[in-house]
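Q: I'd like to ask you about the structure that follows.
The values are calculated or read from the model by the stated rules, or taken from the named source; none is laboratory data. Just so you know, these numbers come straight off a predicted model, no measurement behind them. Here the Cβ positions follow ideal geometry from the backbone for every residue, glycine too, while neighbour counts run over all protein chains shown.
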Amino acid sequence: MSGAEIFLHALEAEDARVVFGHPGGAVIHVYDEMARVQPNFEHVLVRHEQGGTHAAEGYAKATGQVGTVLVTSGPGATNTVTGIADAFMDSVPIVVFTGQVPMPLIGNDAFQETDTLGVTRSITKHNYLVRSPDDIPRIVHEAYHLARTGRPGPVVVDLPKDVLMAEGVFQFDEEIHMRGYSVPDECDEIRLRRAVRMIEKSQRPLLYVGGGTINSNAAGVLTEFARHMNIPVTTSLHGLGAFPEDDPLSLGMLGMHGMWWANQAVQHADLIIAVGARFDDRVTGMVDRWAPHAAVIHIEIDKSCISKNIYADLAFNADVKAVLERLRPLVKPKKVKRWLNKIQDWRDECPLTYADDGELRPQYVLERLRAKSGGDAVVCTDVGQNQMWAAQYLKYTQPRSHITSGGLGTMGFSLPAALGAGFGMRAYGIGKTVISINGDGGFMMNAQELAVASAHKIPLKVVIMNNNFLGMVRQWQELFHENRFSHTDLTDTNPDFVQLARASRCAALRAESPDQVDDVIEKAWEINDRPVVMEFRVVKEEMVFPMVPAGKSSDEMITSRHAPETFV
């Protein structure tokens, strides 16, 4: 059979239920084979390859399965680079198959040729150039294995056109033979006993939970561990949902726009147990002043993250779930009533609030969305103010319910990620509503994927917080650049979002005042045969607080716009 047919059989062997792709000359034989044999997966024709890559991310994060992308060579491949980098930063398991010019033409500056391996080498776990059709099953199998194991991440497979045309044999071997690759498991009795002693000694312990906990499918074990130990829990942006935020032990998110009380707990803790987290700069601020009184136990699958930013007094380079399962029976519940009372004092001292003055504010919209969804939804947020408000106000209680671009911070992420999550819900029979939260600026960066959701009748609930500004940049311009709003005002350039949505065959609704919000949300939830776009015209000047300014530490949070130089 041809290399193209072998390739389709290899995808089926990996249970790739959905493939996000766009045809082109280098992969035309694959698409021709799809028409001929009708493979056992759904192909989704995206409108832009970056959107397709983000859709694969959303699919992967919502389902826990590997996302799949298929694009042509040259611009098709380069259009995926932002999505690949995003997946690399955020540990998302995707495999991107890129077409390539025929082998004899590689290096000759042929039409639509790019050095895909060279371009993606620094933003993938691994990448391949397939040289023979007989190698396709092995390479595809290895690619999916690499993407999903250890610290998950993207893998690129470059497919020359002549390899797809050549004849070969499909031979699938379940066994993986990869010299030099293994998943670490440094969880010995000595480390476990030392961890027990550190926990027993502590008076002010704190669990700091990252996205690796969700990747490890360890949310349930973590929740049992925290409740058994009576230890408060704070999460990173990607850790939201790993521990239910309606639990009294939950402190919500920490870091730059995290909860004031969560950051205070970090600064006063005497033991931090970091679980599947990497201590990124948005969490720590100034690293030399972060958690100055705390010893650190770090449980992390990626050895390169251990003691990279924050020194770990004790490290487990192992799977999060495996470590917690072994540690839990060894430790006794902590008596830390004084510590929990102090954290409650911090909650009372600086609660999360916003003005109730009759203006339409994004925080109110999010609270009403939360009330309608009951927390039983998959929320995909974009980047900027909308992202931080959604992290603060939506209150996540389940893993894989919060999807965002954290490490790379890619505007335009939410809509295609929600599209992918929607296909994931359909492919695995998961009956959750998918909500896409956007600002007006980020929405326009991948608005073309609305047409895809409409064509496939994916019932997304798409929210646009329209303040006619690039809001987060505007916030920095007001606070730190003397109100010089350089190229952030979109008042005269934004489209009519309702008409734009209807042009893509979506339903569209708009609210301009608080009393219209519930009606818009109720009507949106009644529409289930196509996407619905809800535009909320919110106040322009609203800001995200609290906030740790750049170059400051976690105990120097701004709590209002009136005191940018006065730190709590």
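Q: Would you say Val383 is under 21 Å from Leu509 (Cα atoms) and touching a residue at least 40 places away in the same chain (Cβ under 8 Å)?
A: When the stated conditions are applied, Val383 does not pass them.
Q: Somewhere in the range 99-113, is a residue more than 25 Å from the chain's Cα centre (by Cα), modelled with pLDDT of 95 or more, among the charged types (D, E, K, R) and in a loop (DSSP other than H, G, I, E, B)?
A: Yes, the range 99-113 contains a residue that is more than 25 Å from the chain's Cα centre (by Cα), modelled with pLDDT of 95 or more, among the charged types (D, E, K, R) and in a loop (DSSP other than H, G, I, E, B).
Q: If you check Leu251, Leu240, which single one turns out to be within 20 Å of Met547 (Cα to Cα), in the same structural domain as Asn341 (by the TED database) and touching a Pro at 6+ places or on another chain (Cβ under 6 Å)?
A: The conditions single out Leu251.
Q: Quick check on the range 146-168: of everything there that is in contact with a helix residue (DSSP H, G or I) (Cβ under 6 Å, 6 or more places away or on another chain), more than 29 Å from Leu314 (Cβ to Cβ) and of a type in the set (Gly, Ala, Ser), which residue is surrounded by the most Cβ atoms within 10 Å (Cβ to Cβ)?
A: Looking at residues that are in contact with a helix residue (DSSP H, G or I) (Cβ under 6 Å, 6 or more places away or on another chain), more than 29 Å from Leu314 (Cβ to Cβ) and of a type in the set (Gly, Ala, Ser), I get Gly168.
Q: Next question. Residues Asn466, Asn494, Asn528: which one is polar (S, T, N, Q) and over 24 Å from Thr410 (Cα atoms)?
A: On inspection, the qualifying residue turns out to be Asn528.
Q: Separate question: Based on what the data block shows, is Ala265 over 18 Å from Cys350 (Cα atoms), at pLDDT 95 or above and crowded, with 21+ Cβ neighbours inside 10 Å?
A: no
Q: Same structure again: How many residues are in a helix (DSSP H, G or I) and crowded, with 24+ Cβ neighbours inside 10 Å if we restrict to the range 51-68?
A: Residues meeting the conditions: 12.
Q: Shifting gears a bit: Hey, can you tell me all the residues within the range 169-215 that are surrounded by fewer than 17 Cβ atoms within 10 Å (Cβ to Cβ), touching a residue at least 12 places away in the same chain (Cβ under 8 Å) and hydroxyl-bearing (Ser, Thr, Tyr)?
A: Tyr181
Q: I would also like to ask the following. Determine if the range 42-51 includes at least one residue that is on the phi > 0 side of the Ramachandran plot and of a type outside the set (A, V, I, L, M, F, W, C).
A: Within the range 42-51 (the criterion being on the phi > 0 side of the Ramachandran plot and of a type outside the set (A, V, I, L, M, F, W, C)), the answer is no, since none of the residues qualifies.
Q: Here is a further query. For the range 461-505: of the residues being assigned to a strand (DSSP E or B) and in contact with a Pro (Cβ under 7 Å, 6 or more places away or on another chain), which is nearest to Lys523 (Cα to Cα)?
A: Val462
Q: Inside the range 475-500, can you point out the residues that are within 15 Å of Gly441 (Cα to Cα) and in contact (Cβ under 8 Å) with a residue 40 or more places away in the chain?
A: Correct list: Gln475, Leu490, Asn494, Pro495, Phe497, Leu500.
Q: Which of the residues belonging to the range 469-480 are touching a Ser or Thr at 6+ places or on another chain (Cβ under 7 Å) and crowded, with 18+ Cβ neighbours inside 10 Å?
A: Phe469, Leu470, Arg474, Gln477
Q: Here's something else I'd like to know. I need the full set of residues from the range 414-460 which are outside any helix (DSSP H, G or I) and surrounded by fewer than 24 Cβ atoms within 10 Å (Cβ to Cβ), in order please.
A: Within the range 414-460, Tyr428, Gly429, Ile430, Gly431, Lys432, Thr433, Met444, Met445, His456, Lys457, Ile458, Pro459 meet the criteria.
Q: Which of the residues belonging to the range 267-285 are farther than 19 Å from His238 by Cα, hydrophobic (A, V, I, L, M, F, W, C) and not in a loop (DSSP other than H, G, I, E, B)?
A: Hit for the range 267-285 is Leu271, nothing else.
Q: Which numbered condition in (1) touching a residue at least 60 places away in the same chain (Cβ under 8 Å); (2) out of contact with any strand residue (DSSP E or B) (no Cβ under 7 Å at 6 or more places or on another chain) is the only one that Arg370 fails?
A: (1)
Q: Consider Asp90 carefully, then state whether it is free of Cβ contacts under 8 Å to residues at least 40 places away in the same chain and assigned by the TED database to the domain that holds Leu146.
A: Considered against the rule, which asks whether it is free of Cβ contacts under 8 Å to residues at least 40 places away in the same chain and assigned by the TED database to the domain that holds Leu146, Asp90 comes out as no.
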